[in-house]
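The values are calculated or read from the model by the stated rules, or taken from the named source; none is laboratory data. Because the structure is predicted, anything quoted here is derived from the model rather than measured. All Cβ positions, glycine included, derive from the backbone under ideal geometry; neighbour counts span all protein chains shown.
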Amino acid sequence: MPEIMLHLARPAWLLLLPLPAVLSWLLYRQGTSHSGWARLLPETVAQVLLSNTTAQHRGRWWLLAGGWMLAVIALSGPSVPAGQPQGLRAEAHAVVVVLDMSRAMLATDIKPERLQRAIRKIEDLLQRNDLETGLVVYAGSAHRVAPLTQDAETLSNLLRGLHPDIMPIDGQALEPGLQIARQMLSGRPPRRSSILLITSGVDDKALQALDQQAAELGSRLAVLGIGSAEGSPVALADGGFLRDEQGRILLPRLDAKQLASTLRRHGARYHGLTLDNSDLNQLLPPLRSAGIDSTTISQTLTEQSHWLLLLLLPIAALGYRRGWLGLVLCAGLLPVPAEALSWKDLWQRPDQQAMQLLDTDPATAARRFEDPAWRAWAWYQAADMPRAIEQYRVLVQQQPDIAEHHANLGTALAMDGYYEAALESFEQALTRAPDLRIARHNRSRVEAWLEAQRAEEQTADSKATESSPSGPAPHDQDATQPANPTPAQTDSTTSSNQTPATEETSSSGTAESNNNSQTEPAGATGEALQPAAAGNTAQPPDALQRERQQAMQQWLDSIEDNPAELLRRKFLHQYLEHHE
């Protein structure tokens, strides 16, 4: 295996490497001779008295020299090979497969049929990782299926949709197919590009076109013949067989000798279909594993100088300070403040964490929400109406002009039994937004409940008067206090539509306001009052994004994966556009 070496993109910068040594020596000499005592004192005395000062500055010179060397090496552009070792990488050989898609490919003289064997042979070709493969099909017209690519999986998926039924018209339009292939190979050097024609035979007109193209392409053209000299009838979908203009059954035959002689005159190659890959090995260049030239090597190198810049950052930040090493050591002695910080707090805001808990643990979500509108909604979901009412009242005080807050307060009051106060909140909401559906609906439910309760009380009073006229009169409840009867405590004869208030069933799940539509929070289903949405500003974008992604994924899953239909429509459009 070749040894991987380090390459320099700009080696001329290395000429500056000796400069830090010279500079450090000059600065060191300047530091030692800066004091006048060095000239007045004897050398032995000066070494003892002045050595501490010199030692203090010596580390700084070394720091400067090290930083300079790192900067120069980074400027020289050290680079390493990207991916495979450079000795094993080679430029891909471009091959455009031109596949015969006439109905003659449905002949069964080659089992199971000619087309299936051709597709399997192309799949064998896709196993080579040194090729860029493109695909063109032709019958009565020629069309490009896929450009040059090394994505074998995509090409294999397209091969599943190939059938003569996808072609706009049957025939032998070989010349347009070869012209499309040549356009796909334009700009590629001849020694690294080839055209592989897979055909079950050609007529006289297609043979003349093949002779002309072979003369121009030479060794770049290779032909793989599929079929036999005897041929076989072509069965059609309606139970009949393929016939000519006179009504005779056609037997598509492969004239291998005629094809081979025509190609051999111009240096092109021909081979018949085989069970192994010997046919492809004869028609196409062998698998390459040799090295490549220096131009390609320079294009596949990845510069790594940015890692050296990371080493320069602490030197640049601390090198100019006096006593920087002591500061680093002292920093390790500082106490670390204790904070109750979880791992999730580093990546998610409290509102995002609370949104994930809303469906499973709304009470915990309410304590974690920072947004007051969503905190109130979470308390409502947790069936903690007193806290929900308290939070909604705070919102009404802070933002009295938002109708949804009044509607939500009224809903929470109604669920807690304060029906009169709830009606007042609904009136406040409808005053600000007359078209707010949630407020109108919930108000009607509460009014219906109160009317039913009054009717029951009057019925009960009349029965009590008839049975015991001398009995005491029933005690009237204060309308402003919570009503004791609840839907579960009413008489069994009370109909289901006499519950306190039921949530309006809506497939859209949206509450309309006079200016915009408010999205109703998910989770409030069943026979209960439903508050309006927390507001557009409170709707977390993550939840909306997840809903959109789920809807998009469901739509994509409903699309039938049928490459044959896609290709059929594409080819028909191209054919009609070309013949207008």
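Points to keep in mind about this one:
- Residues (under 18 Å from ARG546 (Cβ atoms) and either at pLDDT 90 or above or aliphatic (A, V, I, L, M) (or both)) located in segment 347-377: ALA354, MET355, LEU357, LEU358, ALA365
- The requirement of being at pLDDT below 90, more than 24 Å from GLU113 (Cβ to Cβ) and in contact with a His (Cβ under 6 Å, 6 or more places away or on another chain) is satisfied by ALA214.
- Meets criteria (farther than 19 Å from ASP100 by Cβ and hydroxyl-bearing (Ser, Thr, Tyr)) for THR133: no
- Helices (runs of 4 or more DSSP H) fully within segment 150-229 that include at least 1 residues being out of contact with any strand residue (DSSP E or B) (no Cβ under 8 Å at 6 or more places or on another chain) and farther than 24 Å from LEU576 by Cα: 152-159, 204-217.
- Among the residues of segment 416-432, those identified as closer than 16 Å to ALA403 by Cα and surrounded by fewer than 23 Cβ atoms within 10 Å (Cβ to Cβ) are ALA421, LEU423, GLU424, GLU427, GLN428, LEU430, THR431, ARG432.
- The one condition in (1) of a type in the set (D, E, K, R); (2) surrounded by fewer than 16 Cβ atoms within 10 Å (Cβ to Cβ); (3) not in a helix (DSSP H, G or I) that ARG253 fails to fulfil: (2)
- Which numbered condition GLN208 misses (of (1) closer than 24 Å to HIS573 by Cα; (2) surrounded by fewer than 17 Cβ atoms within 10 Å (Cβ to Cβ)): (1)
- Where SER444 falls short, out of the listed (1) touching a residue at least 12 places away in the same chain (Cβ under 8 Å); (2) not in a loop (DSSP other than H, G, I, E, B): (1)
- Of all residues in segment 275-319, those being part of a loop (DSSP other than H, G, I, E, B) and either at pLDDT 80 or above or under 21 Å from GLY66 (Cα atoms) (or both) number 8.
- Hits in segment 423-436 (condition: under 47 Å from the mean Cα position of the chain (by Cα) and either under 12 Å from GLU447 (Cβ atoms) or polar (S, T, N, Q) (or both)): SER425, PHE426, GLN428, THR431
- Which numbered condition VAL145 misses (of (1) modelled with pLDDT of 90 or more; (2) part of a loop (DSSP other than H, G, I, E, B); (3) hydrophobic (A, V, I, L, M, F, W, C)): (2)
- Filter result for ALA439 (assigned to a helix (DSSP H, G or I) and crowded, with 24+ Cβ neighbours inside 10 Å): yes
- For GLY67, the test of being assigned to a helix (DSSP H, G or I), modelled with pLDDT of 70 or more and not hydrophobic (A, V, I, L, M, F, W, C) is passed.
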